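Structure, as structure tokens:
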Amino acid sequence: MGNYILKRVLTFLPILLIMSLVIFFIIQLPPGDYLTSYVAGLKAEGQIVDESELASLKERYGLDQPWFMQYFKWMGNILTRFDFGYSFKYEAPVWSTIASVLPMTIVVSLVTMLFNYLVGIPIGIYSAVHQYSIGDYCFTLLGFIGMAVPNFLFAILLMYGTYIWTGTAFIGLYTSEVLVGLQQGTMQWWEVLGRGDFWGRMAIPIIVIGTSGTCGTLRSMRAQMLDELGRNYVLCARAKGVSEKRIVYKYCLRAALNPTVSGLSGVLSHIFNGSTISAIVMNLQLVGPMLYEALKAQDMYLAGTILLVMGFLIIIGTLLSDILLAWLDPRIRFSGRRAE
Amino acid sequence: MSEITEPIIRVNDLRVNIKMDEGTLTPVRGVSFEIRPGETLGLVGESGCGKSLTSKAILGINEKKCQSSGEIFFQGEDGKTIDLLKLNPRGKEIRAIRGKQISMIFQEPMVAFSPMYTIGNQINECTMLHITKDKKESKAITLEMMKKVGIANAEKRYDQYPHEFSGGMLQRALIAMALVCKPRLLIADEPTTALDVTIQAQILELMQQLQKEMQMAILFITHDLGTVAKMCDRVAVMYLGRIVETGTAREIYKAPQHPYTRGLMGSVHKIGSRKLDRLYSIEGTVPLALNLKPGCGFYERCDARVEGVCDQAEPDLIQLEGTHCAACVHCRKEGKAE
């Protein structure tokens, strides 16, 4: 088991490097760079642009060099000085720009994942054990609706609903008081987590971002459980005198969890991607909208870093799911040993 | 053999119905038999004739959609006789009997174990449920039984997973799991079908030897007549959910009466027979037990059918010589009962 984990961690580093290369290559692919779009904006406003100043800016940011030189410089700075470059649009170092939204993004993502599994798995089990019951039909219907309705539509409906029922409009994760505190630096993000009103506000984004994933988990859990419940070992366990409850939880659940666990990193990336539009609609201060802005403005270091961080988190998710899988299923654990 | 002893199990007019949209499927239509301690009854028939459903009905482990009716009297360890069909199939009482007093060996050992837990864990579960709550004692009992069924290096094997076992070893483990609580009745549902012939013989000998030691009754389900001849004291031949012929193994092998039994016997290759003899095969397959026509279930496939007689009413089992019974109009004419 220890060997297995070590092997996984070692493969993790080259993957990260290759990923960064691909990300950077794709980010710089569109013609032009931040300066060209910046200059175009200035010219449209009728301002005069000093060509020599432009050239010196280009040189300062290394924009006149080929992309792979830019990449090596960027990577070198990250590895040696943990410097992720400069954000043209926010006019600040990339890392401090991201740091203002990253912790909360991770919190929201993790809580959404938790919501996904805590709701999806039990309902999936219930639906399978009580197949074709009224409860099963209701959950199946809800599951399909949840999967089919787009996130942003859900967001708009829920925001409208809260306004009608409570009379207060839902704007963003934070109350204005907290927002000011965060911007002025008198308040840290972890202090926000201790506030009751924050978790109340969190409910809507989590439901919006998490619903489709939860319904997916529900569906796959139900299908897998039904599969396992029909297997011969269930009959054999029954013939031994094992109770139904034990059959479901000791035998079937463990086997049925496999696809759900291996889908863990998929769920994570789904949350990252799915949250962008919802976050824009609901005005959430998360990474998603920032990435969107960065891509629009060709702010390449910011966009590249955000993608890199997300990729890093997804790789960690994969690692976690691999370890969990090996723990769950002895056949996976031993497959390496037999080859040796 | 032991005619005086009370039967351990007496199945009386067992029927299994499955309600479907097209009508009611009746895969088991009034099966009756009994088995005494130390005796082996072979239940023989083609696939789809209701053998497995009959055996699972005894344990109450058929799917929910299968409804069993009739009576299954089982004499428990305490000497009391209970009707197993009256018990709630998910209740505590029947679960205390399953695995402890009646246990079952399934046909495919490769899928009878969960791949997620060690063999030891899964056998041990049985003793923990039925015999002792003490973990050490339970493990000791499990290991002893694993050794008894011929699993070498049992201590190491205890902690191995099913995928690390060969098919023959898994079948041994499955037998160990079925016998670890020393049941009074063992149901063996084609226990050797999935194994190659040399392993088959070993497993059958093992079962006979353990039966002698424990004096248990065996219901041996198979479609292999060779195995039946080796294992069984009495035989019941099943066709389309009914028993069409029953008697001691000797009676049936010597003089099969029902055309179906004769067909089955004819389709077994015998050593010493001429090479050019083609094996006999019964035309067609077992019909679906749905909206059955009146008359003998074997009518369509029978080469001795009498029009106007066989398609009118289903013949009952008629006693011939000794314990030999058959359900065919031809037996009525020749048999001693008339």
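Assorted remarks:
- Overall dimensions of chain A, expressed as equivalent-ellipsoid semi-axes from the Cα gyration tensor (√(5λ), whole Å, largest first), are 44, 28, 17.
- Across all C-alpha atoms in chain B, the radius of gyration and Dmax reach 20.8, 68 Å.
- Positive-end residue, chain B charge dipole about Cα centroid, Cβ charges, pick of B:S267, B:Q319, B:A140: B:A140
- Exposure check, 1.4 Å probe, all protein chains in place: B:C66 carries approximately 20 Å² of accessible surface.
- As a length-normalised measure over Cα pairs under 8 Å and 6 or more apart, the relative contact order of chain B settles at 20 percent.
- Rounded accessible area per residue of region A:55-105, 1.4 Å, Å²: 58
- Percentage of interatomic Cα-Cα distances in region A:198-340 larger than 23 Å: 54
- Over all distinct Cα-Cα pairs of region A:44-200, the Kirkwood formula returns a hydrodynamic radius of 21.2 Å.
- Dipole magnitude of the protein assembly as shown about its Cα centre (Cβ charges: Lys, Arg +1; Asp, Glu -1), debye to nearest 20: 1720
- The trypsin sites (Lys or Arg not before Pro) of region B:4-81 that DSSP puts in a loop, and whose beta carbon has at most 10 other beta carbons within 10 Å, are B:K64, B:K65, B:K80.
- Filtered chymotrypsin sites (Phe, Trp or Tyr not before Pro), region A:1-86: DSSP coil and at most 13 other beta carbons within 10 Å: A:F82
- Put A:M147, B:M104 in order of accessible area, highest first, and with a 1.4 Å probe you get A:M147, B:M104.
- Simple spin-label estimate for B:Q67 and B:V309 in nanometres, 7 Å along Cα-Cβ: 3.7
- Relative contact order for chain A, counting Cα pairs under 8 Å that sit 6 or more residues apart, in percent: 27
- Using Cβ point charges alone (K and R +1, D and E -1), the dipole size of region A:59-126 about the Cα centre works out to roughly 80 debye.
- Cut-off under 5 Å, modelled amide H: who pairs with B:L43 long-range: B:F220, B:I221, B:T222, B:A236
- Computed about the Cα centre, the dipole magnitude for region B:134-202 is approximately 300 debye when only Lys and Arg (+1) and Asp and Glu (-1) carry charge, each at its Cβ.
- Label point distance in nm, B:M20-B:D78, each placed 7 Å from Cα along Cα→Cβ: 4.1
- Axis of helix B:119-130 versus longest Cα principal axis of chain B: the two differ by about 80°, to the nearest ten degrees.
- Degrees, to the nearest 10: A:67-81 long Cα axis against longest axis of chain A: 70
- Sparse packing (at most 11 other Cβ atoms within 10 Å of the Cβ) combined with a DSSP loop state is found for none of the GluC sites (Glu not before Pro) in region B:191-254.
- Where only alpha carbons of the protein assembly as shown are counted, the Rg and the Dmax (Å): 35.8, 123
The values are calculated or read from the model by the stated rules, or taken from the named source; none is laboratory data. All of these numbers come straight from a predicted model, not from anything done at the bench. All Cβ positions, even for glycine, are placed from backbone atoms using ideal geometry, and neighbour counts span all protein chains on display. Please note that ligands, DNA and RNA were not included when accessible areas were found on the heavy atoms of the full protein model with its side chains. Shrake-Rupley method; radii C 1.70, N 1.55, O 1.52, S 1.80 Å.
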